[in-house]
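The values are calculated or read from the model by the stated rules, or taken from the named source; none is laboratory data. From a predicted model like this one, the values you see are computed outputs, not experimental measurements. Positions of Cβ are generated from backbone atoms using ideal geometry, with glycine treated the same way; all protein chains shown enter the neighbour counts. Accessible surface areas use protein heavy atoms only, side chains included; no ligands, DNA or RNA. Shrake-Rupley method; radii C 1.70, N 1.55, O 1.52, S 1.80 Å.
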Amino acid sequence: MTMTMKSKRTFFIIACLLPGLLLFCLFKVYPTFQIFQKSLYLWTGLSDKPQFIGFKNFVDLFHDETFLLSMRNTGFLMLVVPIVTIIIALINASVLTQSKLKERGFYRTVFFFPSILSFVVIAILWSFIYHPTMGFVNAGLEMFGLGDWAKPWLGDQRTVLWALAVTLIWQAAGYYMVMYMAGIDSISPELYEAADLDGASRIQQFFRITIPLLWEIIRVTIIFSINGVLSISFIIVSIMTGGGPDRHSEVVMTYLYSQAFTNSNFGYAMAIGVVVFIISMLLAFISNKLTEKGAH
């Protein structure tokens with residue numbers, strides 16, 4: 001009787017998990033396998049019989065100057081944006097949870113507001129902000145007598161990536177701030193009271209209490225932020241610059257898209273997708289190991 005009940009329970013669990021597992025395999029595992037497979041072919045997406053070329057697409061990738069430039073641009077954004085975003089989010093969260101500001105609710109709303117906007121809206125908004133003649137940035141510089149600093153921010157090879165980075169940071173900082181605020185609220189106030197009695201300054205408390213006790217959340221947000229930049233940069237770059245000027249804002253996802261849907265070179269695009277997949281897995285693994293080491 002016991003075995004019968006145990007068997008029924010096992011069957012029920014399998015029956016509940018099986019639909020989700022099948023959907024996961026159908027929409028995740030199988031397409032991933034197809035990407036790896038099609039990356040070995042010369043395929044325009046229209047032919048029923050793609051030509052097998054082995055690893056030629058991958059060899060060509062690492063001789064493709066535009067692909068290498070897009071990888072450098074992506075690497076720049078994946079390095080700068082998460083670091084600055086997390087620093088700003090931590091500082092804002094600490095100030096808004098531990099200060100005696102009467103307008104804390106207002107500031108929380110203001111800082112979080114960009115996170116609920118559509119990425120398309122954000123890209124269009126910041127395109128106007130950076131506009132060389134009507135934008136707020138150049139108008140502000142003119143107002144303060146710094147007109148010589150005015151630039152076509154999205155049209156200058158030296159500033160375009162920094163301008164895109166600011167947009168991505170503005171969009172994400174409020175989201176991570178809310179996560180950190182929830183973590184800080186869970187820290188016992190007695191720890192801060194004891195630190196006050198010992199004469200620790202707010203900065204010392206931030207580095208010796210807040211950061212260590214938030215480390216698990218910070219670790220998760222590092223991975224989220226890196227992967228977020230990889231995906232969100234596609235929308236931001238596509239709308240704000242289209243990869244220009246002269247490919248200096250091209251990121252790997254926009255290059256993948258252009259190869260697939262503009263040049264109809266799907267096999268080559270699949271090879272780019274494989275490289276992105278491998279890099280994403282490596283970054284997640286490295287980030288996880290580094291943060292685990294830091295936690296100990």
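Between residues in region 197-213 that are under 12 Å from Ile184 (Cβ atoms) and in contact (Cβ under 8 Å) with a residue 12 or more places away in the chain and residues that are aromatic (Phe, Trp, Tyr) and surrounded by 12 or more Cβ atoms within 10 Å (Cβ to Cβ), which pairs lie under 8 Å by C-beta distance while being six or more apart or on different chains?
Matching pairs, first to second residue: Gln205/Tyr192; Ile209/Tyr192.
Collect the residues in region 59-70 that are within 25 Å of the chain's Cα centre (by Cα) and touching a residue at least 12 places away in the same chain (Cβ under 8 Å), keeping them in residue-number order.
Leu61, Thr66, Phe67, Leu69, Ser70, listed by residue number.
Among the residues of region 107-114, is any more than 22 Å from Gly228 (Cα to Cα) and among the aliphatic types (A, V, I, L, M)?
no
Filter region 28-52 down to the residues that are more than 18 Å from Ile278 (Cβ to Cβ), part of a loop (DSSP other than H, G, I, E, B) and touching a residue at least 40 places away in the same chain (Cβ under 8 Å) and list them by number.
Pass one, region 28-52, residues more than 18 Å from Ile278 (Cβ to Cβ): 30, 41-52.
With the extra rule that they be part of a loop (DSSP other than H, G, I, E, B), the set shrinks to 43-50.
If the condition is that a residue be more than 18 Å from Ile278 (Cβ to Cβ), part of a loop (DSSP other than H, G, I, E, B) and touching a residue at least 40 places away in the same chain (Cβ under 8 Å), then Trp43, Thr44, Gly45, Leu46, Pro50 are the ones that fit.
Is there a residue being closer than 18 Å to Val84 by Cα and either open to solvent by 20 Å² or more (accessible area, probe 1.4 Å) or not in a helix (DSSP H, G or I) (or both) anywhere in region 181-202?
For region 181-202, residues closer than 18 Å to Val84 by Cα and either open to solvent by 20 Å² or more (accessible area, probe 1.4 Å) or not in a helix (DSSP H, G or I) (or both): absent.
Being loosely packed, with under 13 Cβ neighbours inside 10 Å and part of a helix (DSSP H, G or I) is the filter here, so list the residues in region 53-67 that pass it.
Keep residues of region 53-67 that are loosely packed, with under 13 Cβ neighbours inside 10 Å, which gives 54-55, 59, 62-63, 65.
If the condition is that a residue be loosely packed, with under 13 Cβ neighbours inside 10 Å and part of a helix (DSSP H, G or I), then Val59, Glu65 are the ones that fit.
If you go through region 146-190, how many residues are within 14 Å of the chain's Cα centre (by Cα) and among the aromatic types (Phe, Trp, Tyr)?
So the answer is 3.
Which of the residues spanning region 134-161 are closer than 27 Å to Arg72 by Cβ, without any contact (Cβ under 8 Å) to a residue 12 or more places away in the chain and open to solvent by 60 Å² or more (accessible area, probe 1.4 Å)?
Selection gives Trp149, Arg158.
Given the criterion assigned to a helix (DSSP H, G or I) and without any contact (Cβ under 8 Å) to a residue 12 or more places away in the chain, identify the matching residue among Phe277, Phe285.
Just a single option satisfies the conditions, and that option is Phe285.
Return the residues of region 244-265 that are in contact with a helix residue (DSSP H, G or I) (Cβ under 9 Å, 6 or more places away or on another chain) and surrounded by fewer than 22 Cβ atoms within 10 Å (Cβ to Cβ); say none if nothing qualifies.
Answer for region 244-265, where residues must be in contact with a helix residue (DSSP H, G or I) (Cβ under 9 Å, 6 or more places away or on another chain) and surrounded by fewer than 22 Cβ atoms within 10 Å (Cβ to Cβ): Gly244, Pro245, Arg247, His248, Met253, Leu256, Tyr257, Ser258, Ala260, Phe261, Asn263, Asn265.
Can you find even one residue in region 70-77 that is touching a Phe, Trp or Tyr at 6+ places or on another chain (Cβ under 6 Å) and closer than 30 Å to Phe36 by Cβ?
Yes: one or more hits.
More than 27 Å from Trp43 (Cα to Cα), surrounded by fewer than 18 Cβ atoms within 10 Å (Cβ to Cβ) and among the aromatic types (Phe, Trp, Tyr): which single residue out of Phe207, Phe277 fits that description?
Checking each option against the conditions leaves just Phe207.
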